[in-house]
Every structure is written in structure tokens, then in C-alpha cells.
Amino acid sequence: MKYGIATKLSKINNDYSKLLELNKIISSNFDYHVIDAELLPITDENILKSKSKKLVLTVQSKRKNAFELLELYSSYNVDICVVLGSNFYLTNEKPKPKDVILKVIDRALDICNNKIWVGTEGVEDIVKNIVEENDLIAYYVYGGKFPDYDSKKAVYVPYTEKIDRNTLDTMENYLKRRKNYIGNYEDFILSLNNHVKIKELKNKNDIIIGYPINNNNIFNFKKYFNF
């Protein structure tokens with residue numbers, strides 16, 4: 001079992017110096033540091049050339065410069081996570097069919113030397129074969145559809161020690177974007193006190209990526225998962 005932490009630039013006011021600091025801390029204590037793609041992709045050279053071998057950068061397939069980002073990232077020692085991309089962050093992009101993700105994955109396979117992760121949310125059936133045939137990592141959202149693939153599984157888990165009103169307000173837009181969300185927030189947000197859910201996650205996955213809501217202490221994640 002491997003563990004990691006996901007970060008969002010927007011949560012640290014797009015402060016790249018803070019991101020560099022976080023990368024050092026996370027890379028020293030976890031197996032992976034996943035940087036979520038939002039409105040702006042990561043292109044800062046100081047981040048890209050950091051000596052961490054544990055960095056995972058996201059490429060949104062619907063983005064018009066997806067291939068250019070692949071070219072950029074492939075020249076650095078980082079893993080790449082190919083996702084379809086949420087319209088929430090890509091309002092200025094032209095609509096594209098879901099199978100565009102296959103073209104981006106194909107290109108990643110051609111030029112990337114490190115591991116390739118594939119975000120399966122919304123494209124579970126489309127990416128199944130390419131993930132299995134190329135031994136890629138299926139990366140899905142906690143509470144979303146489990147990718148029943150013959151491949152390694154990684155799960156993205158927003159977490160907090162206690163789910164309260166502040167937590168739900170912070171995660172409101174996130175929850176609304178989940179297609180199978182019907183008010184069952186405990187299936188999408190992990191309370192670190194829920195030992196049953198933690199055991200289930202450890203049994204079903206190869207990699208667990210925690211996203212600390214409300215800037216929760218990342219070391220609490222280690223404490224409750226006992227690693």
C-alpha cells in the first residue's frame with residue numbers, strides 16, 4: 001500500500017513558493033504528491049524541476065493545450081495523471097467528446113517514461129481497455145464508481161477529522177459535481193474517525209491519495225491510516 005497527498009493551488013492562493021514548500025514536506029513523508037489541475041495547469045519550472053520523484057501532475061484532456069502539457073511534463077521526472085477534465089474548470093474550452101481522453105493517453109504512452117495514471121470518473125467504460133492493456137493506474141474518486149479493472153487502483157479521498165457544517169460548505173461545489181451524489185456526503189468525504197471506511201479503502205486499493213479539507217494537518221492522515 002502506498003499513500004499520498006493531493007494539493008490545489010487555489011487553496012494556497014496560487015502561491016508557488018508555498019507549493020514548493022509543501023512538495024518538500026509531502027515528498028519527505030508520503031509516496032506521492034498529486035497536484036490537482038484546476039483553472040491553470042502547472043508550468044512553473046521550479047516545481048517541475050524539483051528533485052522529487054514522487055510528483056504527479058494532472059493533464060485535462062479537454063484542454064486545448066493538453067498535448068503541449070504532455071510534452072512539457074514528459075521532459076521532467078514526474079508521473080502524469082490524464083483525466084477528462086471538468087467543465088467547471090474548463091468553461092473557456094470548446095466542447096469535446098469524452099473519447100478525446102484516449103488520444104491523450106495514447107500520446108502519453110508514446111512520450112512519457114514514468115508512470116501514467118488515468119482518471120476514470122465519467123469515462124469508466126471508455127478507458128478500461130487501454131488501462132488494462134498498458135498496466136496503467138486507474139485513479140478514481142472516493143464515492144464514485146469503482147473501476148473494476150485488472151489494474152492497480154488509486155483513490156482520491158477528501159478527508160477531515162470531523163465532518164461539520166464548515167466542511168460541507170467548503171465541499172459544496174465538489175459534491176454537486178459528483179453525478180451519483182444524493183446527499184450522502186459520508187460516502188464522498190472521509191471522516192478519519194470512521195475506521196470501517198478506512199479499512200475498506202485499504203482493502204480495495206493499491207494507492208490512497210488524501211485531500212486535506214480546510215487545510216487539515218496532513219500528518220493526521222498518516223496517524224489514522226497507521227503507516
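Is it the case that some residue within region 24-32 is closer than 25 Å to N220 by Cα and part of a strand (DSSP E or B)?
Within region 24-32 (the criterion being closer than 25 Å to N220 by Cα and part of a strand (DSSP E or B)), the answer is yes, since at least one residue qualifies.
Go through the residues of region 133-140 one by one and say whether even a single one is at pLDDT 95 or above, touching a Gly at 6+ places or on another chain (Cβ under 6 Å), within 20 Å of L57 (Cβ to Cβ) and among the hydroxyl-bearing types (S, T, Y).
yes
Being under 26 Å from F30 (Cβ atoms), in contact (Cβ under 8 Å) with a residue 60 or more places away in the chain and not β-branched (V, I, T), is that true of even one residue in region 178-197?
No: zero hits.
Are any residues in region 122-135 assigned to a loop (DSSP other than H, G, I, E, B) and among the polar types (S, T, N, Q), and if so, which ones?
N134
Identify, please: which residue in region 3-26 is among the basic types (K, R) and in contact with a helix residue (DSSP H, G or I) (Cβ under 8 Å, 6 or more places away or on another chain) and is, among those, surrounded by the most Cβ atoms within 10 Å (Cβ to Cβ)?
K11
Only one residue in I137, I116, I182, I163 is aliphatic (A, V, I, L, M) and closer than 19 Å to Y224 by Cα, so which one is that?
I163
Mind checking which residues of region 1-45 are polar (S, T, N, Q), more than 18 Å from D79 (Cβ to Cβ) and in contact (Cβ under 8 Å) with a residue 12 or more places away in the chain?
S10, N14
Does S86 count as part of a loop (DSSP other than H, G, I, E, B), surrounded by 14 or more Cβ atoms within 10 Å (Cβ to Cβ) and touching a residue at least 60 places away in the same chain (Cβ under 8 Å)?
Yes.
Here's a check for you: in region 95-121, which residue that is outside any loop (DSSP other than H, G, I, E, B) and among the basic types (K, R) is nearest to V78 (Cα to Cα)?
R107
So, of the residues in region 32-67 that are surrounded by 17 or more Cβ atoms within 10 Å (Cβ to Cβ) and acidic (D, E), which turns out to be farthest from Y211 (Cα to Cα)?
Out of the qualifying residues, it is E38.
For region 122-143, how many residues meet the condition of being out of contact with any Ser or Thr (no Cβ under 7 Å at 6 or more places or on another chain), over 25 Å from S75 (Cα atoms) and without any contact (Cβ under 8 Å) to a residue 40 or more places away in the chain?
Of the residues in region 122-143, 6 are out of contact with any Ser or Thr (no Cβ under 7 Å at 6 or more places or on another chain), over 25 Å from S75 (Cα atoms) and without any contact (Cβ under 8 Å) to a residue 40 or more places away in the chain.
Quick test for you: out of I126, I182, pick the one residue that is over 20 Å from I218 (Cα atoms), in contact with an Asp or Glu (Cβ under 7 Å, 6 or more places away or on another chain) and of a type in the set (A, V, I, L, M, F, W, C).
Being over 20 Å from I218 (Cα atoms), in contact with an Asp or Glu (Cβ under 7 Å, 6 or more places away or on another chain) and of a type in the set (A, V, I, L, M, F, W, C) holds for just one of I126, I182, which is I126.
Given the conditions (1) surrounded by fewer than 15 Cβ atoms within 10 Å (Cβ to Cβ); (2) in a loop (DSSP other than H, G, I, E, B); (3) at pLDDT 85 or above, which single one is not true for Y76?
It fails just one condition, (1).
Working carefully through the options G183, G210, G143, find the one that is of a type in the set (G, A, S), out of contact with any strand residue (DSSP E or B) (no Cβ under 7 Å at 6 or more places or on another chain) and buried (at least 20 other Cβ atoms within 10 Å of the Cβ).
That would be G143, the only listed residue that is of a type in the set (G, A, S), out of contact with any strand residue (DSSP E or B) (no Cβ under 7 Å at 6 or more places or on another chain) and buried (at least 20 other Cβ atoms within 10 Å of the Cβ).
The values are calculated or read from the model by the stated rules, or taken from the named source; none is laboratory data. Just so it is clear, the structure is predicted and the values come from calculations on it, not from any experiment. Here the Cβ is made from the backbone with ideal geometry for all residues, glycine too, and neighbour counts use every protein chain on show.
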